[in-house]
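S.K.: Mind looking over this structure? Questions follow.
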Amino acid sequence: MRAGPVFLLIAVVVTAARLCHSGVLWADDNLPLAAAMQVAHGRVLYRDVWFDKPALVSWINLLWGARAGVLLRLAGAAYVVAVSAMAWQFARSKWSQREGLFAACFAAFFLTFGLPSAVIPLASDMLLVLPHLAAVYFASRGRAFWSGVAAGVGMLASSKAIFVLAVCALMLWRQLPWLALGFIAPNALAVGWMAMHGAAREYYRQAWEWGRIYSAHTFVENPLKEGLLRTANWIGFQAALVVGAILAIRREWKLTVWFLLAFAGVLLGLRFFPRYYFLLLPPAVIAASRGWALVSNNRLAMALLCALLAVPAVRFGRSYVTLARGGTMTDLAIDRDSRAASERLCALAAPGDTLFVWGFRPDIFVYSEMSAGTRFLESQPISGVLADRHLFSAESIAPEFTAPNVRELAASKPSWIVDGLGLYNPPLALARQPALAAWFAQYEEVARTERSILYKVCE
């Protein structure tokens with residue numbers, strides 16, 4: 001079969017699926033997009049905008065003007081097609097066109113039929129998939145420098161790229177200097193740019209020091225049990241990849257090392273969110289393409305493959321149908337409230353007014369298109385209560401780290417504040433934070449939505 005028609009079908013299906021989500025924002029869409037909007041307004045990431053992920057996660061949104069809606073989803077579709085093309089090139093060059101087409105289809109399928117909150121946003125773990133594939137592909141071709149460059153670009157999206165680098169290092173141990181040089185190159189360029197703009201120190205503090213604190217404080221009470229359960233779920237919905245990989249590993253045992261190092265990255269932080277398993281997708285797609293190609297002439301095997309693919313297609317395809325029909329989902333309740341709060345802001349705010357949002361609700365910046373009145377687009381670096389638990393906990397994990405941020409916020413004076421957290425978790429309401437009491441006294445409540453309170457600075 002020719003590649004052209006296959007990629008045309010992939011592009012059509014992936015684009016149509018993502019456009020179903022053009023009217024909503026998922027949690028992992030929000031902070032990168034809100035930060036990029038501030039950068040588009042002339043601010044410098046990290047220096048003027050607090051952002052706790054590597055720079056590429058926000059910067060990439062500038063390619064389409066840091067806009068939500070159709071442009072954001074078209075960019076997501078283009079990314080998935082690019083991943084599919086990279087998977088095709090990898091498997092085709094290693095084996096044949098048949099493996100390449102299997103790999104392209106698997107990549108597109110499993111980046112579409114998964115939990116929407118994981119597969120739709122162009123977030124950190126998603127953005128690592130393409131450089132991950134590229135890095136190991138170049139390593140398999142003996143091109144150490146370009147393998148390092150791809151892994152280095154991945155490091156600008158996710159710290160888990162260090163596991164990708166480890167895979168490449170094992171494959172290219174005789175060319176480690178070239179691999180290291182390639183890895184350093186994109187990071188040196190990015191950090192050099194930040195240093196020129198006075199943002200390098202804050203880049204380390206926000207993306208790496210705060211990231212280290214985050215990774216060290218899991219909210220999971222029993223990580224072993226949670227890990228086994230989430231991994232079993234992943235295996236169940238990715239059974240087509242798992243079965244295909246087993247068929248291949250019998251003949252391609254080196255793939256096992258790739259899997260093991262990728263799984264070590266999944267374990268990092270002991271949270272086991274679905275998006276963390278994207279680190280397993282590249283080795284699974286490449287191995288499965290080989291496994292199923294070996295039995296592709298067997299009708300019974302192909303029937304089994306179709307049955308295994310039907311499970312995630314039915315389970316996760318419903319979200320596309322629901323949104324295409326104008327419906328909504330329980331997982332989007334906060335998104336709906338953020339839209340409502342933004343509409344109230346737009347109706348009440350004057351031109352030039354600025355905003356601060358309490359809680360992890362940076363989508364309010366996106367929907368309202370207001371400029372930030374502080375560096376902070378959400379409350380985690382101030383309260384010290386991480387977004388993975390702040391709806392039910394009020395315990396700060398790093399008061400020493402957040403203390404300078406509290407003082408910085410208290411010295412600011414945004415025109416508007418939206419408390420998008422207090423009605424979910426009253427102990428974390430902005431009005432109940434002693435360290436910010438004097439600062440907050442400058443504001444008065446002027447409006448409410450179901451889950452947000454709008455405050456305006458007193459004249």
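The values are calculated or read from the model by the stated rules, or taken from the named source; none is laboratory data. Every value quoted in this text rests on a predicted model; they were computed, and no experiment measured them. Virtual Cβ from ideal backbone geometry, glycine too; neighbours counted across all protein chains shown.
S.K.: Assess whether P399 counts as being free of Cβ contacts under 8 Å to residues at least 24 places away in the same chain, surrounded by fewer than 22 Cβ atoms within 10 Å (Cβ to Cβ) and closer than 25 Å to H41 by Cα.
M.R.: When the stated conditions are applied, P399 does not pass them.
S.K.: To continue, here is another question. How many residues are of a type in the set (A, V, I, L, M) and either over 30 Å from L101 (Cβ atoms) or touching an Asp or Glu at 6+ places or on another chain (Cβ under 6 Å) (or both) when one looks only at the range 2-51?
M.R.: The number of residues fulfilling the criteria is 14.
S.K.: Follow-up. Against the condition farther than 21 Å from G244 by Cα and at pLDDT 95 or above, how does L345 come out, does it pass?
M.R.: The answer is yes for L345.
S.K.: In this structure, is L181 out of contact with any Gly (no Cβ under 6 Å at 6 or more places or on another chain), modelled with pLDDT under 95 and in a helix (DSSP H, G or I)?
M.R.: No.
S.K.: Can you name the residue in the range 34-44 that is hydrophobic (A, V, I, L, M, F, W, C) and surrounded by fewer than 23 Cβ atoms within 10 Å (Cβ to Cβ) and, of all such residues, is nearest to L189 (Cα to Cα)?
M.R.: Checked the range 34-44; the qualifying residue nearest to L189 (Cα to Cα) is V44.
S.K.: Of the conditions (1) over 22 Å from the mean Cα position of the chain (by Cα); (2) closer than 19 Å to L33 by Cα; (3) of a type outside the set (A, V, I, L, M), D363 fails just one. Which one is it?
M.R.: Looking at each condition in turn, D363 falls short on (1).
S.K.: While we're on this one: I want to confirm something. Restricting to the range 224-270 and keeping residues that are within 18 Å of S158 (Cβ to Cβ) and in a loop (DSSP other than H, G, I, E, B), which single residue is modelled with the highest pLDDT?
M.R.: L268
S.K.: Look at the range 117-150 and say how many of its residues are of a type in the set (S, T, Y) and either free of Cβ contacts under 8 Å to residues at least 40 places away in the same chain or in a loop (DSSP other than H, G, I, E, B) (or both).
M.R.: 1
S.K.: Another question, then. Got a number for residues in the range 77-99 being of a type outside the set (A, V, I, L, M) and crowded, with 24+ Cβ neighbours inside 10 Å?
M.R.: 4
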